[in-house]
Amino acid sequence: MSDSTSRCGYVAIVGRPNVGKSTLLNHILGQKLAITSRKPQTTRHTLLGIKTEGETQAIYVDTPGLHKENEKALNRFMNKSATQALRDVDVVLFVVDRTRWTDEDQMVLEKVRYVTCPVLLVVNKVDRMDDKQELLPHLEWLAQQLSSAEVVPVSALQGRNIEELEKLVAERLPEGEHFYPEDQLTDRSSRFLAAELVREKVMRQLGAEIPYQVAVEIEQFKQEGKVLHIHALILVEREGQKKIIIGDGGDRMKKIGQEARLDMQKLFGSKIMLNLWVKVRRGWSDDERALTSLGYYFDK
């Protein structure tokens with residue numbers, strides 16, 4: 001591939017929940033953009049991460065994990081977002097977790113089989129395998145499942161083989177002018193990124209105590225001199241969930257705020273004054289109108 005050829009295209013990162021799609025995007029970008037946690041379905045929105053290197057601009061689309069739970073409006077929204085990301089892209093990264101294969105992986109495979117663009121089958125977390133001998137037969141099996149795809153083992157967390165993956169992506173991007181300025185990292189607003197960072201810290205603090213009935217709304221985002229003032233509302237569905245988030249004497253809320261503020265300072269390059277509140281808004285995760293007001297857009 002000639003270095004003087006300008007290339008640009010969209011790269012969808014798809015897979016079931018919790019296979020490391022957001023961690024992979026963050027490592028490629030060299031900066032934390034997508035939120036991560038060990039909980040499945042952490043990512044709810046598609047998010048563009050833009051990587052421009054020389055003449056090549058790869059626009060990565062981080063998607064919610066495709067999953068079988070489809071009862072609530074929020075779950076339907078997430079599955080639809082991930083499926084739509086497979087349309088009109090130039091390359092697909094289908095991410096799987098080591099030798100684990102579930103019904104949800106199979107569901108993603110059935111969707112990926114029908115795409116017409118090149119597919120790279122990314123086997124993540126290989127650094128966590130105790131017996132590396134298990135990997136080779138599994139890679140061969142994966143290659144049989146999607147014969148048109150190239151299989152690439154990586155560790156998104158440790159950055160292993162990521163450069164090779166990026167090279168394979170670049171070779172498959174179409175020739176063309178860049179869509180975004182070379183210093184632009186994402187299509188999302190700073191308010192959106194701030195809300196996501198607060199939500200990440202909530203999910204990391206709560207463990208299995210609260211289901212995914214948590215959303216974050218930014219009520220104020222204002223730069224005053226060298227200080228960025230951010231007021232965020234954490235929405236839950238029940239009074240009991242509010243108490244859990246606040247914690248004993250407000251301890252948990254304090255930790256959420258401290259950790260979110262540190263990440264925001266790195267991301268925005270500014271001193272942050274962060275104020276958090278918790279509010280009960282019943283049924284928001286199964287109410288399309290409420291979801292739309294929180295930035296979840298449904299195509300009719």
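Just so it is clear, none of the values below were taken in a lab; they were calculated from the coordinates. Just so it is clear, the structure is predicted and the values come from calculations on it, not from any experiment. When we count neighbours, we look across all protein chains shown, and the Cβ atoms used for this are built from the backbone with ideal geometry, even at glycine.
Here are a few things to note about the model shown:
- The calculated FRET efficiency for residue 177 paired with residue 244, based on their beta-carbon distance and R0 = 45 Å, is about 0.35.
- Long pairs among 125/222; 51/132; 222/279; 21/167; 21/226, criterion Cα-Cα beyond 28 Å: 125/222; 51/132; 21/226
- Annotation for segment 110-133 versus segment 163-234: alpha-carbon center distance of 25 Å.
- Amide H contacts under 5 Å for residue 271: 228, restricted to partners 5 or more places along the chain or on a different chain, H placed in the peptide plane at 1.01 Å from N.
- Gain on full stretching of the segment that runs from residue 164 to residue 273 - 0.36 nm per residue minus C-alpha separation: 35.2 nm
- Here the simple spin-label model places points 7 Å from the Cα toward Cβ, and for residue 141 and residue 231 these points are separated by 5.5 nm.
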